[in-house]
Amino acid sequence: LRRILRNYAVALTTAEEGDDSNKVGQKDPSVVYKLITLYAPLWTILAAIIGITQSSRIAPTFGNLTVTQISLAGLMLSMGLTITPEEVAAAFQKPIVLISNILLCFGMMPLLALAIASFFQFNPSQTAGIVLLGSVSGGQASNLFTLLAGGDVALSVVCTLTTTLIGVLATPILIKRLLNCIVVVNGYSVLKSVASLVLIPLLIGLSLGRIAPLTMQRNSSVFPLFGIVSTLVLVAGGAANSASGLLTMNMKTIGASCVLAILGGGMTLLLSSLISPNKLSKESRRMLVVETLSKSPTLAYVLAQKHFGSSAGAIPAAGMVTLA
């Protein structure tokens, strides 16, 4: 906790100092953008509170399926815009980290989610919700959490990108295999949704970085802000749609999203300690723990709403808040 607070303080101080070459009295807009980004967990909690307390107003607007899908696509677009070819090339120099992250994300976490559902004796809708949360890719918030934990941020971004791309196929397959005996799953429909909401906007962002690298670099501080705004819309809409369920939900259902993240992070820390320090640095180990526990509850929520109904979206909606 002391390390996280210290890293947060250093990041805030750096952002507040800004560029020394600026004239006195001038404020670099990028400094403001960075400050807003660093306080993202606070904005997320506030968005959830607003969504719950003003559900009658938020649900018909930010909570409808069209706005939710557009916001998720915007979030994926912003992720693609933050990646550079150099970062991708550097990440591929550490294959053991990328492979470990993929196996933990799509191997350990879905099985852990299924075990939690069995332990708490969830009904089919609740089981679908937590398995969805365990089967999706890493979330964009993991990049910020990695910064606060003193991990390798560039590697975190690429790991998130990698699981997002692989998740286009992995998530529908996992959902079909793990949930088909509980609820009827249209694998092709889920695959089509993931491709249109995740893959296409992500590739557009990457393509823009290749076509106009200088323009993208000049506006690099804006793209995370765009992602945060998309996330806040998703959190507010998700909280509003699940307000009645979240307020009346028993503790074991709310706690499931916390248990999944805590157990996933703890097991990753234990497993990563078995890898030689020469192959996995301290910064990479921290990043791996954060990437594993920081799933994308927004993606899980959208898939739950679209394919399993609002009741299945309750746990992913709770995950939006508990993860922050």
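Does any residue of the range 243-256 turn out to be part of a helix (DSSP H, G or I), closer than 15 Å to Ala141 by Cβ and modelled with pLDDT under 85? Among the residues of the range 243-256, not one is part of a helix (DSSP H, G or I), closer than 15 Å to Ala141 by Cβ and modelled with pLDDT under 85, which makes the answer no. Restricting the range 183-199 to residues that are over 16 Å from Ala300 (Cβ atoms) and outside any helix (DSSP H, G or I), the residue that is modelled with the highest pLDDT is Asn186. Here Ser142, Ser118 are screened, and the one residue that is part of a helix (DSSP H, G or I), buried (at least 24 other Cβ atoms within 10 Å of the Cβ) and hydroxyl-bearing (Ser, Thr, Tyr) is Ser142. Looking across the range 91-115, the residues that are open to solvent by 10 Å² or more (accessible area, probe 1.4 Å) and farther than 23 Å from Lys279 by Cα come down to Leu111, Leu112, Leu114, Ala115.
Please verify whether the range 57-77 includes one or more residues that are at pLDDT 80 or above, among the polar types (S, T, N, Q), on the phi < 0 side of the Ramachandran plot and open to solvent by 80 Å² or more (accessible area, probe 1.4 Å). Checked against the condition, which is being at pLDDT 80 or above, among the polar types (S, T, N, Q), on the phi < 0 side of the Ramachandran plot and open to solvent by 80 Å² or more (accessible area, probe 1.4 Å), the range 57-77 yields at least one hit. So is Leu274 over 23 Å from Ile70 (Cβ atoms), modelled with pLDDT of 80 or more, part of a loop (DSSP other than H, G, I, E, B) and of a type outside the set (D, E, K, R) or not? When the stated conditions are applied, Leu274 passes them. Out of Gly129, Gly107, Gly134, one residue alone is under 15 Å from the mean Cα position of the chain (by Cα), assigned to a helix (DSSP H, G or I), modelled with pLDDT of 80 or more and small (Gly, Ala, Ser). It is Gly134. Out of curiosity, is Ile52 out of contact with any strand residue (DSSP E or B) (no Cβ under 8 Å at 6 or more places or on another chain), closer than 25 Å to Val229 by Cα, open to solvent by 20 Å² or more (accessible area, probe 1.4 Å) and modelled with pLDDT of 80 or more? Here the answer is yes, as Ile52 does meet what is asked.
Within the range 209-246, work out how many residues are farther than 28 Å from Asn64 by Cβ and open to solvent by 30 Å² or more (accessible area, probe 1.4 Å).
Of the residues in that region, 11 qualify.
Can you spot a residue in the range 266-287 that is open to solvent by 10 Å² or more (accessible area, probe 1.4 Å) and in contact with a Phe, Trp or Tyr (Cβ under 9 Å, 6 or more places away or on another chain)? Scanning the range 266-287 turns up no residue that is open to solvent by 10 Å² or more (accessible area, probe 1.4 Å) and in contact with a Phe, Trp or Tyr (Cβ under 9 Å, 6 or more places away or on another chain).
The values are calculated or read from the model by the stated rules, or taken from the named source; none is laboratory data. Since this is a predicted model, take the numbers as computed values, not measurements. Neighbour counts are summed over all protein chains in view; Cβ atoms, including those assigned to glycine, are modelled from backbone coordinates with ideal geometry. Note: areas computed on protein heavy atoms with side chains; ligands, DNA, RNA excluded. Shrake-Rupley method; radii C 1.70, N 1.55, O 1.52, S 1.80 Å.
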